[in-house]
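In what follows, a single structure is set out as structure tokens and then discussed.
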Amino acid sequence: MEISLKELAARLGASLRGDGEIRLTRVAQLTDATPDSLSFLGDPKYRRHLAETHAGAVILTAADAEHAPGAVLVSDNPYLTFARAARILHPRDPVVGGVHPSAVVDPTARIDPSAWIGPLSVVEAEAEIGPGAFVGPSCVIGRGVRIGAESRLVARVTLCEGTVVGARALLHPGAVIGREGFGFAKDGERWERLPQIGRAVLGDDVEIGANTSVDRGAIGDTRIGDGVKLDNHIQIGHNVEIGDNTAIAANTGISGSTRIGRNCTIAGAVGMAGHLEIGDHVHFTGMAMVTRSFPEPGLYSSGIPAMPSAEWRRNVARFRHLDELTRRVKQLEASIKTMKQTTGQGDC
Amino acid sequence: MEISLKELAARLGASLRGDGEIRLTRVAQLTDATPDSLSFLGDPKYRRHLAETHAGAVILTAADAEHAPGAVLVSDNPYLTFARAARILHPRDPVVGGVHPSAVVDPTARIDPSAWIGPLSVVEAEAEIGPGAFVGPSCVIGRGVRIGAESRLVARVTLCEGTVVGARALLHPGAVIGREGFGFAKDGERWERLPQIGRAVLGDDVEIGANTSVDRGAIGDTRIGDGVKLDNHIQIGHNVEIGDNTAIAANTGISGSTRIGRNCTIAGAVGMAGHLEIGDHVHFTGMAMVTRSFPEPGLYSSGIPAMPSAEWRRNVARFRHLDELTRRVKQLEASIKTMKQTTGQGDC
Amino acid sequence: MEISLKELAARLGASLRGDGEIRLTRVAQLTDATPDSLSFLGDPKYRRHLAETHAGAVILTAADAEHAPGAVLVSDNPYLTFARAARILHPRDPVVGGVHPSAVVDPTARIDPSAWIGPLSVVEAEAEIGPGAFVGPSCVIGRGVRIGAESRLVARVTLCEGTVVGARALLHPGAVIGREGFGFAKDGERWERLPQIGRAVLGDDVEIGANTSVDRGAIGDTRIGDGVKLDNHIQIGHNVEIGDNTAIAANTGISGSTRIGRNCTIAGAVGMAGHLEIGDHVHFTGMAMVTRSFPEPGLYSSGIPAMPSAEWRRNVARFRHLDELTRRVKQLEASIKTMKQTTGQGDC
């Protein structure tokens, strides 16, 4: 893809300073850029790279634009404008409708003529695949699954029976949506499976990372809101609900029936117990252990950051006696108080 | 599936109170139930929903049955009876024997005529697949694998060479059983792989979640007992042994050669070091960090629950000096003791 | 495979004591060995098994060899020699070049005649597959992917567009290399994807475990050095760099742009924040929470080991007030100091 800076500015709705005839072919970081590259300055701490970049043009805030040596696209949100420019310079291939001859498609499936079913994919009975959808190689689309318009299953995605995917989803390899979740009744010492008859329902503009799993509901549905972004290796238990635009980083697990609000960010390797209520605009840092509800907006954390092992061993040994230590301090306070009274010393 | 309450009671061995001619078609929660629904009351805190439910019938204990407005199935264990009723009302499709024409099956594989091999699955040499087994789409069944009667591989399951699966297993998409585990010898700075010549052996009634991995043994086998239930994204290292009816929740990892007893429950995101001995009836709460053996039954925990980040930062900073703090308290205790002796104050 | 001890000694470059005509067919542990087995003594604590083993021959250090009752191969590094012997006694099947008729291979892909493409695998346009490479069943090899000589994709491996794999790699089922990582710009409350235009580049002798994911670079590449070994269920974010011979155990996650040096070992379920610098010869114990850079060699840890839950609850409750407790101790120290001055007692 090659485009003039002038045309790119017009498509992005950004104002242009400098030579609009510059031809751009790619995006790059300031330090790696070539004259055909578009770059950007997001974090002010990299401002020193601005003077030395070979980029043909840079996306900057109006304030930074004053100091730029070359052509500039001015934006209030350079990173967002850069993301959009990158999609223009590095477009996906257009989806060409059709079914690869090696795919196995049930005759009752309804596939829009503008959708693509890739090689060695399976589409089971009564599945519906919307306009412009892309089903990459080796996917499994279960019975009665619905996939919305322009959604993209990169490769090797599994959508179990009854799963619903909205429009413009992006599902990465190894994702498993709608498997029967972990529900058992106890029969003496044995576990008896509780059939899981709900569904997994994904809104529009949802993204599901590689090897991430979203279980179907036990009774009723698991619900992933519009604009939710899930990274790799995330486990979403049955009947979890996640509000719109919440983003979750890799390796996190959300236990069954927990409800998470809108616009939350949950960092990597967080663990959440089941049946919790997490409000809107709640943020957890990495590896947080969430054992109670957090209905109020805020930033929450837990865990012990790494330290030299010898130091850690000493502190951990003391942690095992922290309750006792606290009692000893209380005892000391009582002794001091008594001694002060005895010796006639007041606190002030 | 439609069934009369009378017939359902007979099949479940539950006693019936009320109109046995009621027709049921599905299970539902008390709050969502319709007149063709069967519901149940498990947790007494939801008893208030009983008066208002539209369910055609409800499964209750004898004590709760006194207060029910409508038809009742009486059970000592309503949740278990509900699980069984749900399987009757929502049966799986019966397995029809055969091999989909798109499957690739080695001529030396022995597949029972009542087993199904789904589309685009691969069955390698000398594999044996038992009566009534269901191999869904896009599975890979390695050389010499054995799958017991009525086991179900939902879709996209990988069983590596030599893996043994018992009867009535349920294996979910993305499961990888019997890959060569993480065993290396050091050659200077390089790692040299130790060939892993054992197997992964799963008992009867085992369940393996989505994207869960069970490595084969290095020498000797990895063993998963009868009735073991593994949730999604679990890692089981080489030569681990798990006793009968132990259940493990998602995102947990068990390192090599650790042995876990029978009837344990291990919550989500637990990590276990290698070469440990965990007894029978041992229970770990979520995110527990298991670095030593726990031979005795009991409930064990670790980790710091999440709190507001500002509070957490202050406490964590102090944790780094907990050993020092403990020494300071000891020093204070000594000073107080000396002062008491000097001033003639006794402890009692 | 059957081999004489004499021939095995010659192939391993190990010196032989005892009967070189012994025929060996397998490796085994000392306690399970039969007369056709080769065993070894790694850990001195198992030396007592040496007298009772039925092994035909044992690999030992020169010092241990003095006490061996039977035939011995002498080695400075018995475990390494054992690993090599195991590969001789339990060789992989040789790779026979060809393409299974059920594979779907783009005509522009360049596949070395000595490489094997297994059943139901997909090879997209312009992929290059080197001599002696083995692509097992149900793999997806994206557009422009390069796979080096003698690399082995066991089964169901996904290599996304542009991924580069060096020579002699071993990639396990469920691995996903080169998916577009977790990069978004904020547009009000919405997330807008930043196209990820870098690649995932793996060196020689790399191993990637089951269901492990390595994301491609956002701009520039994610780089996995020569000899790096990754266990199962590991998440490697975009633009991470991992130095040669570093080994990482299962369930660990490394966030974007973190750089890890050479010869590190990272145990299971470790979490690393993004944009960190980890030096060479850095070692983390299991479940370590890595929130800052560790440029210096050393062993680092964090986390609270599991303990009985009642005890844990009491200590955790105190942890929430650890900052306050520390202040109270400080206050006590000040009181004591004042009292000592008042009463004329010195510290020594």
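The values are calculated or read from the model by the stated rules, or taken from the named source; none is laboratory data. Everything quoted here is computed from the prediction, not taken from an experiment. Please note: Cβ atoms are built from the backbone with ideal geometry, for glycine as well, and neighbour counts cover all protein chains shown.
The listed residues are A:313, A:318, and the only one of them that is at pLDDT 95 or above, of a type outside the set (A, V, I, L, M) and closer than 30 Å to residue B:339 by Cβ turns out to be A:318. Out of B:64, B:43, one residue alone is closer than 25 Å to residue A:198 by Cα, modelled with pLDDT under 95 and within 31 Å of the chain's Cα centre (by Cα). It is B:43.
Which residue out of C:273, C:267, C:288 is closer than 24 Å to residue C:304 by Cα and in contact with a Pro (Cβ under 9 Å, 6 or more places away or on another chain)? Spell out how you get there, then give the answer.
Numbers: C:273 fails: in contact with a Pro (Cβ under 9 Å, 6 or more places away or on another chain); C:267 fails: in contact with a Pro (Cβ under 9 Å, 6 or more places away or on another chain).
Matching residue, one of C:273, C:267, C:288: C:288.
Just one residue in the set A:192, A:150, A:180 is in the same structural domain as residue A:222 (by TED's automatic domain parsing), of a type in the set (Asp, Glu) and at positive phi; that residue is A:150. Taking region A:247-262 as the range and being free of Cβ contacts under 8 Å to residues at least 24 places away in the same chain, part of a loop (DSSP other than H, G, I, E, B) and not β-branched (Val, Ile, Thr) as the test, the residues that pass are A:251, A:255, A:257, A:261. For region B:120-149, the set of residues classified as within 10 Å of chain C (Cβ to nearest Cβ) and either at pLDDT below 95 or in a loop (DSSP other than H, G, I, E, B) (or both) consists of B:120, B:121, B:124, B:138, B:139, B:142, B:143, listed by residue number.
Return the residue satisfying two criteria in turn: it lies in region A:301-311 and is farther than 14 Å from residue B:313 by Cβ and under 32 Å from the mean Cα position of the chain (by Cα), and of such residues it is surrounded by the fewest Cβ atoms within 10 Å (Cβ to Cβ). So, considering only residues that are farther than 14 Å from residue B:313 by Cβ and under 32 Å from the mean Cα position of the chain (by Cα), the one surrounded by the fewest Cβ atoms within 10 Å (Cβ to Cβ) is A:308. What single numbered condition from (1) outside the structural domain of residue C:15 (by TED's automatic domain parsing); (2) within 26 Å of residue B:199 (Cα to Cα) fails to hold for residue C:36? So residue C:36 meets the others, but not (1).
Residues to consider are B:323, B:244; find the one that is touching a helix residue (DSSP H, G or I) at 6+ places or on another chain (Cβ under 8 Å) and either among the hydrophobic types (A, V, I, L, M, F, W, C) or not in a strand (DSSP E or B) (or both). Sole residue among the options that is touching a helix residue (DSSP H, G or I) at 6+ places or on another chain (Cβ under 8 Å) and either among the hydrophobic types (A, V, I, L, M, F, W, C) or not in a strand (DSSP E or B) (or both): B:323.
For region C:109-124, the condition of being in contact (Cβ under 8 Å) with a residue 12 or more places away in the chain, in contact with a Lys or Arg (Cβ under 7 Å, 6 or more places away or on another chain), crowded, with 20+ Cβ neighbours inside 10 Å and on the phi < 0 side of the Ramachandran plot holds for at least one residue.
Residue by residue, here is whether (1) over 30 Å from residue C:139 (Cα atoms); (2) in contact with an Asp or Glu (Cβ under 6 Å, 6 or more places away or on another chain); (3) buried (at least 19 other Cβ atoms within 10 Å of the Cβ) holds:
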position	(1), (2), (3)
C:37	yes, no, yes
C:40	yes, no, yes
C:55	yes, no, yes
C:66	yes, no, no
C:78	yes, no, yes
C:82	yes, no, yes
C:88	no, no, no
C:94	no, no, no
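Exactly one residue among B:250, B:334 is out of contact with any Leu (no Cβ under 7 Å at 6 or more places or on another chain), more than 8 Å from chain C (Cβ to nearest Cβ) and surrounded by fewer than 21 Cβ atoms within 10 Å (Cβ to Cβ), and that residue is B:334. Restricting the first member to region B:22-33 and to residues that are within 12 Å of another protein chain (Cβ to nearest Cβ), and the second to residues that are polar (S, T, N, Q) and outside any strand (DSSP E or B), the beta-carbon pairs closer than 6 Å and six or more apart or on different chains are B:30/B:53; B:33/B:53. Filtering region C:163-192 to residues that are under 21 Å from residue A:247 (Cβ atoms), more than 7 Å from every other protein chain (Cβ to nearest Cβ) and in contact with a strand residue (DSSP E or B) (Cβ under 6 Å, 6 or more places away or on another chain) leaves only C:181.
Give me the residue from region B:281-300 that is small (Gly, Ala, Ser) and surrounded by fewer than 23 Cβ atoms within 10 Å (Cβ to Cβ) and, out of that set, nearest to the other protein chains (Cβ to nearest Cβ).
Start the filter on region B:281-300 by keeping residues that are small (Gly, Ala, Ser), which leaves B:286, B:288, B:293, B:298.
Next, from what is left, pick out any that are surrounded by fewer than 23 Cβ atoms within 10 Å (Cβ to Cβ): B:293, B:298.
Working: B:293: 11, B:298: 6 Å.
Among those residues, the one meeting the criterion is B:298.
Under 27 Å from residue B:324 (Cα atoms) and buried (at least 18 other Cβ atoms within 10 Å of the Cβ), is that true of residue A:316? So residue A:316 fits the description; yes. Just one of the listed residues (C:249, C:210) is more than 15 Å from residue C:272 (Cα to Cα) and of a type in the set (Gly, Ala, Ser), and it is C:210. Among the residues making up region C:176-192, those that are closer than 22 Å to residue C:145 by Cβ and either assigned to a strand (DSSP E or B) or among the polar types (S, T, N, Q) (or both) are C:176, C:177, C:178, C:179.
Selection of region C:224-254 for residues being on the phi < 0 side of the Ramachandran plot and touching a His at 6+ places or on another chain (Cβ under 8 Å) yields C:232, C:235, C:250, C:253. Among the residues making up region A:71-101, those that are within 11 Å of chain C (Cβ to nearest Cβ) and more than 26 Å from residue A:43 (Cα to Cα) are A:92, A:93, A:100, A:101.
Scanning region B:263-271 finds one or more residues that are touching a residue at least 24 places away in the same chain (Cβ under 8 Å) and either part of a loop (DSSP other than H, G, I, E, B) or more than 17 Å from residue B:228 (Cβ to Cβ) (or both). Taken over region B:204-220, the criterion of being more than 11 Å from chain A (Cβ to nearest Cβ), surrounded by 20 or more Cβ atoms within 10 Å (Cβ to Cβ) and in a loop (DSSP other than H, G, I, E, B) is satisfied by B:216, B:217, B:218, B:219.
Determine whether region C:280-287 contains at least one residue that is more than 20 Å from the chain's Cα centre (by Cα) and either in a loop (DSSP other than H, G, I, E, B) or not polar (S, T, N, Q) (or both). Quick ask: steps written out before the conclusion?
Filtering region C:280-287 for residues more than 20 Å from the chain's Cα centre (by Cα) gives none.
No; the residues of region C:280-287 include none that is more than 20 Å from the chain's Cα centre (by Cα) and either in a loop (DSSP other than H, G, I, E, B) or not polar (S, T, N, Q) (or both).
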